[in-house]
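See structure below.
Please treat every number below as a calculation from the coordinates, not as lab data. These numbers were taken from a predicted model, which means no experiment stands behind them. Don't worry about glycine lacking a Cβ; one is built from the backbone with ideal geometry, like all the others, and counts go over all protein chains shown.
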Amino acid sequence: MDFSRLVRAMPSTAVNGTDDVSFTQLQPNILDALIPGYSLISKYIIATTGVDISMFVTALAICFGTIKGGQYLLTQFERGFRKLVMSSVYVNDTDDLFDQVMDWLDHRGNLLSKRSARAKTLKGSNWDDASNTTVSDAIGDDGMFDYNKWAARTPPRFEPWYGRNFVWHEGSLFLLRRLKREGNRMQISWNNRGDEDQLQIDCIGFSIQPIQGLLRTIKVWSLGRQRNTTTIRHPTPKDHGRGSGTWSKTSSRPSRPMETVILDATQKNTIIKDMNEYLHPLSPKWYANRGIPYRRGYLFYGPPGTGKTSLSFALGGIFGLDIYVISLQEPTLTEGDLMQLFNSLPKRCIVLLEDVDAAGLVKRDDGSGKTTSRKIENPTTSTEAGSTSAKTQANAENKSESEDVGSVSDMLKVVVRELRKSAPISQRGDRSANAQNGKKVDNTISLSGLLNAIDGVATHEGRVLIMTTNHPEELDPALVRPGRVDRRIEFKLAMKEQIRELFVRMYGADDQQLKFGNDTMPKIEQNGHLSNGTLSKPARKEAPIDRNANGSDNDELSTMTKTEVRELAVTFAAQFSDHEYTPAEIQNLLMRYKKQPKTAVEKVDEWRQEVAEEKLKQQRAREDKEDSLGRDS
Ligand SMILES: Nc1ncnc2c1ncn2[C@@H]1O[C@H](COP(=O)(O)OP(=O)(O)OP(=O)(O)O)[C@@H](O)[C@H]1O
């Protein structure tokens, strides 16, 4: 705005205030100062249409000025008022509390502005919100499940949009606003999730105590909602724009009940008791008094599909801990990120470090100035349909190394394998695949980098570290030394008893009690505590298991009693030897016949044949790949 022109436009009488001022006379001059080129436009309009727009534009300018002035005064008043008599608490969006408050706001429908709200389609991780939809709503005319119908009936979630939200809680009035930082300016915006958002909570008074009470209420409310769910977090993808080395919540799923992980009872008990003891509120003091870092590490090792991840998730469920998953195979993960990720862990959580053997760790400098690369094997693909166990694969490879070095081509294979072992990490395994796919692969996590992150600073004391591997023999002793790994748990191929339990769980789950296979063993209460063991409850009545929700003709279960299922489980398990298949493979067979336990028993031989053929095919494919690698080199 040109103020000098504005002053010049006012007649001296008006400026001096000695004469009456005709407001209409001033209009063109003032408007010309306010809107550059106004007089020209105005003259043109008068010349072409004969209409004088001065009055109209004046009215508009006055309205605009009044509104802006009002807004300015209001902001100044609010600022002054807040400074004088209000207290504030800020919550950053990287804090869990931020989401909890947003969720809480969302669930208080009366908070939403009457005129505007943001509708958000719910993603799969929210299990509760589809509960209003019944199965029949989602069945198409042809009797098949129609996902679109299901999704269409799942209501969107309505969230607050721009503006202030006033909350009345326990006799206090709160003002909640979301602020987004843009440069040095804080702007109000609801749900424009970006970087560095903040929630500002104000209340009237000279203390933040009422806000503390509000946040406590929200936390308790949130805890109630999260009960029986396990939150999984992964490193935030690099392209997310939030900077590397931060965690993102990837899912919140119903906790996996411990009894669904079929393992040796003693083994399972041991780890639960150990963790329970470690997480006890008095434990940190016990560790501190003895000068021992308050950390606990476990190594879960064994072939793919034997329950390592499942047990980790179930432990998260019973101890109410969130799970922070890091895969060292992630090609863009750097040592700096790893350190930052470990340093930003909450006080109590489970860190699941997956496939530590396949990470491509470079061994620590052995003093000779050389660093030696670790071997990367192509980890067995644990497809649901007939995955080959790593053990079988390892045996096959060992065998080929020791026996088959007879022909030239066999010798070549061995040479190729050795070449692959010593090749730079970026040229091997998954990183190689990523490189071919155009992903960035120029980083490496060295063993010392990993050890630094694990040992880290005292801030992440209290966490539980679970490392999983299919090849424990390939791990550097430094990584698994006591203090870093306090207990090693071996996961083996399924025993007959495990197979029987898997069968019973699949077909008679409603009848299963929380037990570890031995009635004298302690039971896990819902809250994760151990209690003295009692006899498992017998089946209530011998009625057929009728869960014919969408009845099908070949539903054998609806006519079977639980006792019959148990008896059939024994027949099923008797067809296998111990340590023949992984639990994942057995589960895959059972999943094919979800309601046909008798058919599952009959089909074992057919399935065995199929799995053997599949494994042979995979073996041949591996050999062909090695041959072609040999030819290329
Ligand atoms: N001991 C088990 N009890 C019950 N289910 C199991 C068990 N082992 C495997 N499964 C089932 O097999 C599937 C794969 O299991 P999981 O991911 O836990 O295996 P894993 O040992 O972690 O494999 P990987 O080494 O490939 O990560 C899951 O669906 C799980 O339910």
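Figures for the structure shown
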{"item": "Whole-Hz couplings from phi, Karplus 6.51/-1.76/1.60, listed for region 288-303; x for Gly and Pro", "result": "4, 4, 9, x, 9, x, 7, 9, 9, x, 10, 10, 9, 10, x, x"}
{"item": "Formal net charge of residues neighbouring Val85 (Cβ-Cβ distance under 15 Å; K, R +1; D, E -1)", "result": "+1"}
{"item": "Highest to lowest packing among 600-608, 63-71, scored as the average C-beta count within 10 Å", "result": "600-608, 63-71"}
{"item": "Peptides ranked, highest mean first, by Cβ atoms within 10 Å: ranges 612-620, 262-270, 88-96", "result": "262-270, 88-96, 612-620"}
{"item": "Residue exposure sequence - Met591, Met258 - by fewest surrounding Cβ within 10 Å", "result": "Met591, Met258"}
{"item": "Sequence of Arg631, Arg500, Arg484 once ranked by neighbouring C-beta atoms within 10 Å, starting from the fewest", "result": "Arg631, Arg484, Arg500"}
{"item": "Sequence ranges 43-50, 289-296, ranked by mean other-Cβ count within 10 angstrom, highest first", "result": "289-296, 43-50"}
